[in-house]
1. So for the range 122-133 (the condition being in the same structural domain as residue 85 (by TED's automatic domain parsing), in contact with a helix residue (DSSP H, G or I) (Cβ under 8 Å, 6 or more places away or on another chain) and at pLDDT 90 or above), does at least one residue qualify?
2. Using the structure shown, decide if residue 133 is out of contact with any strand residue (DSSP E or B) (no Cβ under 7 Å at 6 or more places or on another chain) and not in a strand (DSSP E or B).
3. For the range 132-146, does any single residue satisfy the condition of being within 20 Å of residue 87 (Cα to Cα), without any contact (Cβ under 8 Å) to a residue 24 or more places away in the chain and within 27 Å of the chain's Cα centre (by Cα)?
4. Restricting to the range 118-130, count the residues that are closer than 21 Å to residue 157 by Cβ and surrounded by 15 or more Cβ atoms within 10 Å (Cβ to Cβ).
5. Select from the range 147-163 the residues that are within 19 Å of residue 97 (Cα to Cα) and either exposed (fewer than 14 other Cβ atoms within 10 Å of the Cβ) or free of Cβ contacts under 8 Å to residues at least 40 places away in the same chain (or both) and list them in ascending order.
């Protein structure tokens, strides 16, 4: 008798309803897990790309083989082709890129005094003023060593720099 009642209860419409609800709940859970996994995959891919960009250097060591591999980095911008550094209150040309508008007119070690009549206080401001549209001119007042300052007018060009 008890067995008959149990069989009747297990096949009742309310139990079937719970079974359907369980299937829907399982489907929703599976969907959440799948979407979560896709989001994590995207996050890891983005994090990996950002990490690679931030931590890559000109030379990298392969830890498994102990060899050093040269990694090339291309950088393109519009400007005059100088690498600047700030030394105290002074802004100094660290390097002049080959085949750039500054080559032959500005030498490494030159102190930058003004750009288009302005004396920026931060390296970023210097960079912003020196860069600009291609084929436009920029006027720099520079001092080479202990000599008198001189004004140099350069035409901005598209600079391709490979490190």
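The values are calculated or read from the model by the stated rules, or taken from the named source; none is laboratory data. Treat the numbers as computed from the prediction; the structure is a model and nothing was measured. Virtual Cβ from ideal backbone geometry, glycine too; neighbours counted across all protein chains shown.
1. No; the residues of the range 122-133 include none that is in the same structural domain as residue 85 (by TED's automatic domain parsing), in contact with a helix residue (DSSP H, G or I) (Cβ under 8 Å, 6 or more places away or on another chain) and at pLDDT 90 or above.
2. Considered against the rule, which asks whether it is out of contact with any strand residue (DSSP E or B) (no Cβ under 7 Å at 6 or more places or on another chain) and not in a strand (DSSP E or B), residue 133 comes out as no.
3. Taking the range 132-146 and keeping what is within 20 Å of residue 87 (Cα to Cα), we get 140-146.
When the remaining residues are screened for being without any contact (Cβ under 8 Å) to a residue 24 or more places away in the chain, the result is 146.
The next check asks that each one be within 27 Å of the chain's Cα centre (by Cα); those that pass are none.
Taking every residue of the range 132-146 in turn, none turns out to be within 20 Å of residue 87 (Cα to Cα), without any contact (Cβ under 8 Å) to a residue 24 or more places away in the chain and within 27 Å of the chain's Cα centre (by Cα).
4. Number satisfying all stated conditions: 4.
5. Result: 153, 155, 158, 160, 162, 163.
Conditions tested, residue by residue: (1) farther than 25 Å from residue 153 by Cβ; (2) exposed (fewer than 10 other Cβ atoms within 10 Å of the Cβ); (3) modelled with pLDDT of 65 or more.
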| position | (1), (2), (3) |
| --- | --- |
| 41 | yes, no, yes |
| 49 | yes, no, yes |
| 88 | yes, yes, yes |
| 94 | no, no, yes |
| 111 | no, no, yes |
| 116 | no, no, yes |
